[in-house]
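Chemist: I'd like to ask some things about the structure below.
The values are calculated or read from the model by the stated rules, or taken from the named source; none is laboratory data. Source: prediction; values computed, not measured. All Cβ positions, glycine included, derive from the backbone under ideal geometry; neighbour counts span all protein chains shown.
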Amino acid sequence: MSDQPIEPGNQGVTSVIRHTIKPGVEAEYEEWLKRLATIGHRFPGHQGANIIRPAEGTHTYAIIVRFDTIEHLQNWLSSEVRQQLVKEVNPLLARRVEVDVQTGLDFWFTPPASLDATKSLAPTQHVKPYKQFLIVLSAIYPLEILVHFTFDPLAQAIPLLGVPFIRDLFDAVVIVTFLTFLIMPYYTRILAKWLFD
């Protein structure tokens, strides 16, 4: 897991690490993954991890790790315990590690093939800006209408929520939360063929 230079900031961040292991070391590598997961969860800002295991006949794993801030991810990457884990796994690897670090909206527009162990790990495709615009607009507009009508009664019951700037902030928090965790990961997957065409 080689490090990449990361600039300070306060956005959520996702790191995608791809390991191609040597044939015959699967059990040893799986044990290493368990240790990695156990240790990683202890670090501040850790928001979860997913493992995409290789399809039959392939040997590439994708480890997707999420942290709340870039600083917290950097603390994990530079930690002594992580450096020790890197040393332990290196003998099991068949080729150089691939690492992607993505912040903000980038991970919404990561092509599925780059995380799919059944396909070759080609360089990441980039979604055309107009497609990103259309996808985000088509997700936000109906969500904004829904949030507005859903929370209108609440705003009438709680006078503080009737204050324009506070209500706008409340709506924005709800919309961004829904987009990030519930809508965009699935929406972009459904439209992946069009997005990455």
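Chemist: Can you tell me which residue among K119, K131 is surrounded by 13 or more Cβ atoms within 10 Å (Cβ to Cβ), at pLDDT below 85, more than 29 Å from W32 (Cα to Cα) and not hydrophobic (A, V, I, L, M, F, W, C)?
Modeler: K131 is the lone residue from the list that is surrounded by 13 or more Cβ atoms within 10 Å (Cβ to Cβ), at pLDDT below 85, more than 29 Å from W32 (Cα to Cα) and not hydrophobic (A, V, I, L, M, F, W, C).
Chemist: Within the stretch 44-67, track down each residue that is charged (D, E, K, R) and either modelled with pLDDT under 85 or loosely packed, with under 12 Cβ neighbours inside 10 Å (or both).
Modeler: Scanning the stretch 44-67 gives a single hit, E56.
Chemist: When the residues of the stretch 166-197 are filtered to those that are modelled with pLDDT under 75 and among the aromatic types (F, W, Y), which remaining residue is surrounded by the most Cβ atoms within 10 Å (Cβ to Cβ)?
Modeler: F196
Chemist: Return the residues of the stretch 35-75 that are outside any loop (DSSP other than H, G, I, E, B), within 19 Å of P23 (Cβ to Cβ) and free of Cβ contacts under 8 Å to residues at least 24 places away in the same chain; say none if nothing qualifies.
Modeler: Passing the criteria: only I51.
Chemist: Let me ask something else about it. Quick check on T124: is it surrounded by 13 or more Cβ atoms within 10 Å (Cβ to Cβ), at pLDDT below 85, hydroxyl-bearing (S, T, Y) and not assigned by TED's automatic domain parsing to the domain that holds G40?
Modeler: Against the criterion (surrounded by 13 or more Cβ atoms within 10 Å (Cβ to Cβ), at pLDDT below 85, hydroxyl-bearing (S, T, Y) and not assigned by TED's automatic domain parsing to the domain that holds G40), T124 qualifies.
Chemist: For the stretch 142-197, enumerate the residues that are touching a residue at least 12 places away in the same chain (Cβ under 8 Å) and of a type in the set (V, I, T).
Modeler: Across the stretch 142-197, the qualifying residues are V147, V174, I175, T180, I183, T188.
Chemist: Taking the condition within 30 Å of T177 (Cβ to Cβ), surrounded by 16 or more Cβ atoms within 10 Å (Cβ to Cβ) and of a type outside the set (S, T, Y), does I21 pass?
Modeler: Here the answer is no, as I21 does not meet what is asked.
Chemist: Just the residues that are in a helix (DSSP H, G or I), within 24 Å of K131 (Cα to Cα) and aromatic (F, W, Y), please, taken from the stretch 149-197.
Modeler: Hits for the stretch 149-197 are F178, F181, Y186, Y187, W194.
Chemist: If I ask for residues that are surrounded by 12 or more Cβ atoms within 10 Å (Cβ to Cβ) and modelled with pLDDT under 90, which ones from the stretch 87-98 would you list?
Modeler: Listed by number, the residues that qualify are R95, V97, E98.
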